[in-house]
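Before any comments, here is the structure.
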Amino acid sequence: MSGGKHPSDQLRQWQALQLSKIELDLQQQALTALQESSDQAQAGQALYQQLFELSPACSYALDEAGCVVSANQAGAALLGLSAAALKGQPFERYLAPEQQPRWRAFAAILLGSSGRAGMESQLFDGIPGAGAVRIEARFDAASGLCCIVLAPQGAVAVASQVSIQVAAEVAERTAELERDNAQLRLLGEHVANLEETVRQEMARAVHDDVAQNLLALRLDAVLLNKRSLAHPGPLRERTGAALETIDITLRSVRAILNQLRPAVLELGLQASMDWQLAEFRKRSGLACTLDVPDEQVFDCLDGGASLMLFRQLQAVLDSVQRDGGASAVAISLRRSGGSGVQMMLTDDGAGDAGSGGGVPVSGRRQRQALAMLGVGERLRAHGGTLDVVYGAGQGCRVSMRLPGRNS
């Protein structure tokens with residue numbers, strides 16, 4: 001057998017590829033479930049954040065060092081500063097000097113108990129809201145944040161308790177969201193790496209086995225075809241047809257190899273994109289342009305991010321070709337946010353039933369939205385973002401942003 005591989009070796013290789021594919025499918029399902037959970041947590045966190053911001057009670061979130069992480073509108077107004085100016089400042093700075101040692105002792109006890117506590121204190125004379133206050137505090141060990149509410153001494157405690165509960169919920173939801181997002185990025189990166197590994201293994205298997213065996217078969221077919229030249233008739237026609245079929249199959253195998261792992265990837269993002277667009281024009285028959293005002297943008301991404309961006313461009317172009325209705329695609333690549341990169345892809349597909357074979361707008365958007373889910377997950381795994389905008393009845397603009405090497 002050509003290639004020197006025993007059938008049992010090929011079977012083991014096929015089984016390994018199948019196991020990799022199963023693992024990839026399971027990881028993709030886990031990634032989708034985690035993304036849904038993250039979206040729900042983000043929606044809930046946004047609601048609690050709004051309640052925190054609009055609460056009439058003066059609320060603050062402190063880190064374990066006692067510095068302000070966030071303050072709502074009422075809290076910032078009490079201290080006469082903006083929430084941005086308060087961020088990172090030691091909270092004790094706004095207490096009267098004689099009260100600061102009591103605050104430090106109170107905070108140490110609170111951090112050790114991971115519960116709720118309160119104390120009477122006095123604000124610094126130099127701030128607008130100076131006066132005696134009641135501090136209600138709660139430490140959340142999961143988030144590492146201390147949520148406090150200031151109220152004038154003797155004020156009704158119910159409002160403070162409600163406000164501190166909201167502030168604590170904000171801290172907990174924020175911590176959960178950050179953990180989910182971190183897990184999502186790690187899992188997304190793992191799935192992307194695993195998918196690329198499977199592509200490489202499949203490409204290697206197709207090249208080493210299928211392509212090599214086809215080449216050996218073609219050599220035999222060429223010899224038979226030459227020998228049949230002296231014997232015109234059905235045999236010559238059959239050998240010629242067999243040779244043509246082998247050539248067609250070889251071209252199909254090369255196309256499959258290019259889809260799995262094109263060799264041009266080793267030449268960098270610029271060469272890869274040029275090849276990708278040339279293949280897309282040939283395959284789809286659509287006009288496709290690339291606008292790159294500054295070619296140094298190709299150097300902004302490392303190898304992993306460049307490969308990921310190439311794959312997402314491949315996915316979006318496949319979606320455009322599959323849905324139909326477009327006659328032209330325009331792509332631009334520019335710097336974004338200093339060292340970051342933005343890729344913009346715009347098509348003119350009408351996508352309605354009368355657009356010459358396209359699918360309805362609603363169907364096109366639904367199908368493209370599903371394709372964009374995977375693209376967005378890959379981008380988020382590398383710290384990027386995806387934005388998809390449909391025109392009024394026609395066209396689609398896909399914007400992909402990625403941080404650069406030094407971001």
Exercise. Between a first residue in segment 337-359 that is at pLDDT 70 or above and a second residue that is of a type in the set (Asp, Glu) and open to solvent by 10 Å² or more (accessible area, probe 1.4 Å), which pairs have beta carbons less than 7 Å apart while being 6 or more apart in sequence or on different chains?
Worked result: none
Exercise. Any idea which residue in segment 99-117 is least open to solvent (accessible area, probe 1.4 Å), counting only those that are modelled with pLDDT under 85 and in contact with a strand residue (DSSP E or B) (Cβ under 6 Å, 6 or more places away or on another chain)?
Worked result: Leu110
Exercise. If we keep just the residues of segment 187-202 that are charged (D, E, K, R) and at pLDDT 70 or above, which is least open to solvent (accessible area, probe 1.4 Å)?
Worked result: Glu196
Seminar exercise, completed: Counting only residues that are part of a helix (DSSP H, G or I), open to solvent by less than 10 Å² (accessible area, probe 1.4 Å) and under 17 Å from Arg405 (Cα atoms), segment 278-304 contains a total of 1
Exercise. Within segment 59-79, is even one residue open to solvent by less than 30 Å² (accessible area, probe 1.4 Å), of a type in the set (Ser, Thr, Tyr) and under 30 Å from Arg179 (Cα atoms)?
Worked result: yes
Seminar exercise, completed: For segment 99-119, pairs from a residue that is at negative phi and in a loop (DSSP other than H, G, I, E, B) to a residue that is of a type outside the set (Gly, Ala, Ser) and modelled with pLDDT under 90, with Cβ under 8 Å and 6 or more apart or across chains, are Gly115/Arg138; Gly115/Phe139
Problem set entry | Search result, residues across segment 80-98 that are open to solvent by less than 60 Å² (accessible area, probe 1.4 Å), in a loop (DSSP other than H, G, I, E, B) and within 16 Å of Val68 (Cβ to Cβ) | Gly80, Gly88, Gln89
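The values are calculated or read from the model by the stated rules, or taken from the named source; none is laboratory data. The shown structure was predicted, so the numbers you read here are calculated from the model rather than taken from an experiment. Cβ atoms come from the backbone with ideal geometry, glycine included; neighbour counts cover every protein chain shown. Areas reflect the complete protein model, heavy atoms only, side chains present, ligands, DNA and RNA absent. Shrake-Rupley method; radii C 1.70, N 1.55, O 1.52, S 1.80 Å.
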